[in-house]
Amino acid sequence: MDLEITNYNNRFQIKGSLNKLNLKTFNSHFENIFDKMDNVLLDIEQVKSIDRAGVMCLARLHNESIEKSKRFSIIGLGCKELYQHFKSEESNQVTTPKSKKLGKKNIVAA
């Protein structure tokens, strides 16, 4: 399934699959998003599947929001893979290639 991103009043709805095949689309849509907006709401209710690369993209957005003191919220039940990642023992520290390690206390669920 393809990735579709719609935006209305700083609420971004993600539909379809978020995986390594469509990360370029996702990244280009959210590139420098926190330079343009102070508050971003990501609705993942209609995400059908997500792989590790997709989870890392969301983690990177989260880390960027913290670095820039912006507000970033993820809402919706979405798919179980995302919740498993953030609940897993390994996710006590969220890291991305270009970020510092952030403690579990920095992860906020909306």
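The values are calculated or read from the model by the stated rules, or taken from the named source; none is laboratory data. Just so you know, these numbers come straight off a predicted model, no measurement behind them. All Cβ positions, glycine included, derive from the backbone under ideal geometry; neighbour counts span all protein chains shown.
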Legend entry - Condition met for PHE26 (touching a Cys at 6+ places or on another chain (Cβ under 7 Å) and assigned to a helix (DSSP H, G or I)): yes
Inset, instruction - Given the conditions (1) assigned to a helix (DSSP H, G or I); (2) surrounded by 12 or more Cβ atoms within 10 Å (Cβ to Cβ); (3) at pLDDT below 90, report the number of the one that SER99 does not fulfil. - result: (1)
